[in-house]
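Asks: Got a structure for you, questions after.
The values are calculated or read from the model by the stated rules, or taken from the named source; none is laboratory data. These numbers were taken from a predicted model, which means no experiment stands behind them. Backbone-built Cβ (ideal geometry, glycine too); neighbour counts: all protein chains shown. Note: accessible area is taken over every heavy atom of the protein model, side chains too, but ligands, DNA and RNA are not part of it. Shrake-Rupley method; radii C 1.70, N 1.55, O 1.52, S 1.80 Å.
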Amino acid sequence: MKKWFAILSVMAIILVLAGCGSSDDTSSASGSSGDVKKIIVGTGTQFKNVCFIDENGNLTGFDVELIKELDKRLPQYEFEFKTMDFGNLLLSLDAGKIDLVSHQMEKNPEREAKYLFNKNPYSIFLNRVAVAKDNNSIHSIDDLKGKKVLTSPTSNAAYVLKEYNKTHGDDLNIVYTSGAANDTVQQITSGRIDATITTDFANRFNTDEKGEVALKTVGDPLTQSDVLYVLNKNEQGLADDLDQAIQEVKDDGTLSKLSIKWLGEDFTKSLEDVKKEGSSSKK
């Protein structure tokens, strides 16, 4: 009798342990549904103040630090950087080696046909007329009638100039170039070209042989260029989550602070915002 009682006791213990094991497995399976999704972020190392290696060998810059901030606000994701040459970023996205491109990217029809962009820009650059620093006769695009304006053929600036000509009788003499920034500076400061279209951020790279900024922007903003993240077409959920987090950092002022720290100015205001501020200051 004692023998049978001992056997039954052992069986009962086995069943209890089995039940505990079953409960643990269920808990583990339930927890797996909340797994964090790793997102590989492609960026560069050669864009000073945006994505670069600092003196301590660390990857940093505006785009890098913003991703780190968004990572804190999106606990369902873990963002990990993968650096490469700028020319390989979209190729790596195509190949599935990265999930997201963060490198001050803008939309164009060719990219938009192939990739998904989030909707909420994290940088906004306003296009303006740029002339030589000592030029005091040109104050806006309307002062460029009959004058030469330099731009590259496939740029957003070229589109702005052609659209202006459509409604102003081809007033502007558009000159196309594929030259570098220093070529643009040389042509404008020498007087061969009168102006170009650029942003205040990009204009800081228009330097002379002394390394000083050689051009100045004039007039009201013409258009805006939105900087966005580039993703594969099947990542709509991630794009939506990024938009929400970007709005949060805009609303609480974090984005403006990062822009001022790394880019030197608050490049988060839209053309509409600037116009509103301008009209308010005139009242």
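Asks: Go through (1) in contact with a Leu (Cβ under 8 Å, 6 or more places away or on another chain); (2) open to solvent by 10 Å² or more (accessible area, probe 1.4 Å) for D208 and report which single condition fails.
Replies: It is condition (1) that D208 fails.
Asks: What are the pairs with Cβ atoms under 6 angstrom where one residue, in the range 86-106, is closer than 25 Å to A202 by Cβ and the other, located anywhere, is among the small types (G, A, S) and assigned to a loop (DSSP other than H, G, I, E, B)? Sequence gap at least six, or different chains.
Replies: F86/G44; H103/G44
Asks: Now a separate question. With touching a residue at least 40 places away in the same chain (Cβ under 8 Å), touching a Lys or Arg at 6+ places or on another chain (Cβ under 6 Å) and open to solvent by 20 Å² or more (accessible area, probe 1.4 Å) as the only criterion, which of D220, D226, D194 stands out? Break it down stepwise before answering.
Replies: Values: D220 fails: touching a Lys or Arg at 6+ places or on another chain (Cβ under 6 Å); D226 fails: touching a Lys or Arg at 6+ places or on another chain (Cβ under 6 Å).
It is D194.
Asks: Within the range 71-126, take every residue that is of a type in the set (A, V, I, L, M, F, W, C) and in a loop (DSSP other than H, G, I, E, B) and give me the one that is farthest from the chain's Cα centre (by Cα). It would help to see each step written out before you state the result.
Replies: Going residue by residue through the range 71-126, those that are of a type in the set (A, V, I, L, M, F, W, C) are 74, 79, 81, 84, 86, 89-91, 93, 95, 98, 100-101, 105, 113, 116-117, 124-126.
Filter once more, keeping what is in a loop (DSSP other than H, G, I, E, B): 74, 84, 95, 98.
On the way: L74: 18, M84: 16, A95: 21, I98: 16 Å.
Applying the filter and picking the extreme gives A95.
Asks: Further question: If I filter the range 228-263 down to residues being touching a Phe, Trp or Tyr at 6+ places or on another chain (Cβ under 8 Å) and not in a helix (DSSP H, G or I), which single residue comes out as nearest to K68 (Cα to Cα)?
Replies: Y229
Asks: A follow-up question, please. Which one of G57, G61 is open to solvent by 40 Å² or more (accessible area, probe 1.4 Å), on the phi > 0 side of the Ramachandran plot and at pLDDT 95 or above? Step through it out loud before you land on a result.
Replies: Details: G61 fails: open to solvent by 40 Å² or more (accessible area, probe 1.4 Å).
Exactly one of G57, G61 is open to solvent by 40 Å² or more (accessible area, probe 1.4 Å), on the phi > 0 side of the Ramachandran plot and at pLDDT 95 or above, namely G57.
Asks: Please find, within the range 247-256, the residue that is nearest to Y122 (Cα to Cα) out of those that are charged (D, E, K, R) and surrounded by 14 or more Cβ atoms within 10 Å (Cβ to Cβ). Don't jump to the end; show me each part of the working.
Replies: Taking the range 247-256 first, the residues charged (D, E, K, R) are 248, 250-252.
Going one step further and asking which of them are surrounded by 14 or more Cβ atoms within 10 Å (Cβ to Cβ), we end up with 248, 250.
On the way: E248: 11, K250: 8 Å.
So, considering only residues that are charged (D, E, K, R) and surrounded by 14 or more Cβ atoms within 10 Å (Cβ to Cβ), the one nearest to Y122 (Cα to Cα) is K250.
Asks: Does the range 140-150 contain at least one residue that is among the polar types (S, T, N, Q) and either surrounded by 15 or more Cβ atoms within 10 Å (Cβ to Cβ) or under 26 Å from the mean Cα position of the chain (by Cα) (or both)? Walk me through it before giving the result.
Replies: Looking only at the range 140-150, we keep the residues that are among the polar types (S, T, N, Q), and these are 140.
Filter again for either surrounded by 15 or more Cβ atoms within 10 Å (Cβ to Cβ) or under 26 Å from the mean Cα position of the chain (by Cα) (or both), leaving none.
No, the range 140-150 contains no residue that is among the polar types (S, T, N, Q) and either surrounded by 15 or more Cβ atoms within 10 Å (Cβ to Cβ) or under 26 Å from the mean Cα position of the chain (by Cα) (or both).
Asks: Within the range 116-141, which residues are among the charged types (D, E, K, R) and touching a residue at least 24 places away in the same chain (Cβ under 8 Å)? Give the derivation first.
Replies: Residues of the range 116-141 that are among the charged types (D, E, K, R), as a first pass: 119, 128, 133-134.
The answer is K119, R128, K133.
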